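A short worksheet on the structure shown next.
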Amino acid sequence: MPIELDNVTFRYGPQTPLVIDGMSFTVPHGQMLALMGPSGSGKSTLLQLIGGILRPTSGQINNSIPSHETTWVFQTPTLLNAQTVRHNIDIALYATGWSPKQQHARVETVIESVGLHGLGETGVSTLSGGQQQRVQIARALAAQPQLVLADEPTGQLDHTTTALVMDALIAARDAGTGIIIVTHDRYVAERCERIITLEDGHILSDEHRAEGSPT
Amino acid sequence: MMPQWTIHTVIRQAWRSFASRIGFAAIAVCLIAMVSATCGYLEAGARQNALDEETQLTAAGQYVYRAQARDENGSGLIPAALCQKLNNVQGVKSAMGIGAYQTATVRKAPGEHITYVPVTGNPTPILDASQPLMQATTIGDSDESTNETIGDIIMDAALANRLGITDGTRLQITVGDQPQQLGEIVRVHTLDAQTRGFADSQLIWSQNAPIGMVGECVAEVTPGVDEHTARELIATGLDDGSGTIISISTLLERDPNTRSPLERFRTRNTRWLWAASGMVCWALLFIPLLFRRHEFALLRSVGAGSNPTALTFAVANMLPLLAGHIAGCGWMILVSLWIHRNPLTEPWLAAAFIGASLLTSIMLLMVGCTILARGSITRFIHNRL
């Protein structure tokens, strides 16, 4: 089912300015969408509205994807600091009902896909910020959710690792996972098949592109 | 359908959470052991001190009352039968009537001034708190068990020792000015009459039938009976309806401004230390959890319900709680053994204290984790974006 926004507006308080102003668009199931724009343009707010964290002040959002099929990737890695990489990832698989063997295999796959080969038993507190962010991404992808909502997922990563992570996200998209990314990185945006650029709560442009095409 | 965490998952994640912080857990175990053992020892000490003092004062006669009759002339007698009946009153442990004092001589101790006191009722538990009721034979009566015409007398052990008399010795005594032909051979029973002050002078007591009148009725009430109730019991029991005033005084002088050891025991502040210990031990583990609230939200965000999330963190912290309390109990017992050089007299009390502290901690932990696990996921995610 697609995600539909119909004339959505949002303000944080009764006397505060509109953050989202009359926005309407549809995100088809399994699309990889980048949200770009300057700071304060409403990108993170829009992400929270789509994810059901915030309710629109007016207008309607139709998102039938259940919350347990939606995972988040935060700008700051949010991990179980005293536990290992493997343990931080497999907690996302507890509720899937998969067998332990399937869970183990899946954890190995996502660890490899984000370039953390050999670090499964490493404590996350000893990893760099970029590595911790990749653990968070791996956890978000592990259970093969219907939707991943990511806020600046590659902000702490170098170009090579960013490319690796984007490959993993594209592979997840190819497997049927919808991905919405808030990013300032043009490279990340151009790896997506659609870029919506925001400014002052409005859609400035809505660009559909073939994945991987250059600027 | 919303996927659920199984109990196996909860236990696995709880163990991981515990094992990933083993250093903190070890420190927590030590601190919990110290807190619980210290609180338990303070309470045991306060308890034992109060009970020891109560025992000492009871042995010294704090529950013993002396009753005398006061008629219009200022003196009077009490029917021996009424004093005897006090032994059957609920709340009265034993009662004895004291007759007229007479001089006596003991052949084995010539020149010693001995006072002969005829008593009725149950004298031995009153004279010496450690003594049971003695089935004594009155001087002049036959002893059915031995078929002898021999009476029993009661003598303070210190006096007996000074006179060279041992328990069971047979003596020849003369009561009054005239030697008695019958019953002059008596069998001595010694006891400690000094603790309660009944041996200030050289007395020997002889059991008599509750006939006639006595000058004083001494009664001991059951430990724990308050003074007002005791006085009422005795006064009611000795009331012969003649309007004679019964004057009752305590054997031990009391300071009205000082609470009795039993009252101090009942109202001691340390009786709540089990709750304080439980709360402190809980706080040692729960306060760090407050700084890990994001982990609660993280588990919720990956599909764990609020109950499995709460249970995960509660179970992970129950292990150091349990280990710490067990160590504390062992510590308490070891310290008691070391200091008192005797086996802990009431080990079950130590276990009860530790158990109460542990259960308090566990209950607070469950409540606290449940509250933390029900925090708003949306707020958590909003704050992270």
Can you tell which of B:T229, B:T250, B:T222 is touching an Asp or Glu at 6+ places or on another chain (Cβ under 9 Å) and touching a residue at least 40 places away in the same chain (Cβ under 8 Å)?
B:T250
Scanning region B:254-279 residue by residue, those open to solvent by less than 70 Å² (accessible area, probe 1.4 Å) and under 12 Å from B:G40 (Cβ atoms) turn out to be B:T270, B:L273, B:A276, B:S277, B:G278
Within region B:307-333, restricting attention to residues that are within 14 Å of B:T9 (Cα to Cα) and polar (S, T, N, Q), which residue is surrounded by the fewest Cβ atoms within 10 Å (Cβ to Cβ)?
B:N307
Among residues of region A:1-30 being open to solvent by less than 90 Å² (accessible area, probe 1.4 Å) and of a type in the set (S, T, N, Q), the residue nearest to A:G178 (Cα to Cα) is A:T26
Quick one: is A:I137 under 24 Å from A:Q83 (Cα atoms), modelled with pLDDT of 90 or more and open to solvent by less than 30 Å² (accessible area, probe 1.4 Å)?
yes
All but one of (1) open to solvent by 10 Å² or more (accessible area, probe 1.4 Å); (2) under 16 Å from A:S44 (Cβ atoms); (3) not in a strand (DSSP E or B) hold for A:L164; which doesn't?
(2)
For the subset of region B:211-229 comprising residues that are open to solvent by less than 50 Å² (accessible area, probe 1.4 Å) and not in a strand (DSSP E or B), which member is nearest to B:A95 (Cα to Cα)?
B:G215
Can you name every residue in region A:134-144 that is closer than 23 Å to A:M36 by Cβ and either within 13 Å of chain B (Cβ to nearest Cβ) or not in a helix (DSSP H, G or I) (or both)?
A:Q136, A:A140, A:L141
Scan region B:16-46 for residues that are open to solvent by 60 Å² or more (accessible area, probe 1.4 Å) and touching a Gly at 6+ places or on another chain (Cβ under 9 Å) and jot them down.
B:C30, B:L31, B:M34, B:T38
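Listed here are the residues, each with its yes/no results for (1) among the small types (G, A, S); (2) out of contact with any Asp or Glu (no Cβ under 7 Å at 6 or more places or on another chain).
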{"residue": "A:A95", "(1), (2)": "yes, yes"}
{"residue": "A:W98", "(1), (2)": "no, yes"}
{"residue": "A:R106", "(1), (2)": "no, yes"}
{"residue": "A:S113", "(1), (2)": "yes, yes"}
{"residue": "A:Q132", "(1), (2)": "no, yes"}
{"residue": "A:L147", "(1), (2)": "no, no"}
Specify the residue that is nearest to A:I89 (Cα to Cα); the eligible residues are those in region A:139-160 that are more than 11 Å from the chain's Cα centre (by Cα) and aliphatic (A, V, I, L, M).
A:A142
Read through the list (1) at the interface with chain B (Cβ under 9 Å from one of its Cβ atoms); (2) under 30 Å from A:H202 (Cα atoms), then give the number of the only condition that A:I61 fails.
(1)
Region A:32-56 - residue that is away from chain B (no Cβ under 13 Å) and buried (at least 18 other Cβ atoms within 10 Å of the Cβ) and, of those, nearest to A:A168 (Cα to Cα):
A:M32
Residues in region B:362-385 that are facing chain A (nearest Cβ under 9 Å) and either in a helix (DSSP H, G or I) or β-branched (V, I, T) (or both): how many?
7
Test: B:F286 is within 14 Å of another protein chain (Cβ to nearest Cβ) and either modelled with pLDDT of 95 or more or open to solvent by 40 Å² or more (accessible area, probe 1.4 Å) (or both)
no
Only one residue in A:G97, A:G118 is open to solvent by 30 Å² or more (accessible area, probe 1.4 Å), at positive phi and more than 13 Å from every other protein chain (Cβ to nearest Cβ). Which one?
A:G118
Among (1) within 14 Å of chain A (Cβ to nearest Cβ); (2) touching a Cys at 6+ places or on another chain (Cβ under 7 Å), there is one condition B:L299 misses while meeting the rest; what is its number?
(2)
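The values are calculated or read from the model by the stated rules, or taken from the named source; none is laboratory data. If you're wondering where the values come from, they're calculated on a predicted model, not measured in any experiment. Note that we place each Cβ from the backbone using ideal geometry, even for glycine, and neighbour counts take in every protein chain shown. For accessibility, only protein heavy atoms count, side chains too; no ligands or nucleic acids. Shrake-Rupley method; radii C 1.70, N 1.55, O 1.52, S 1.80 Å.
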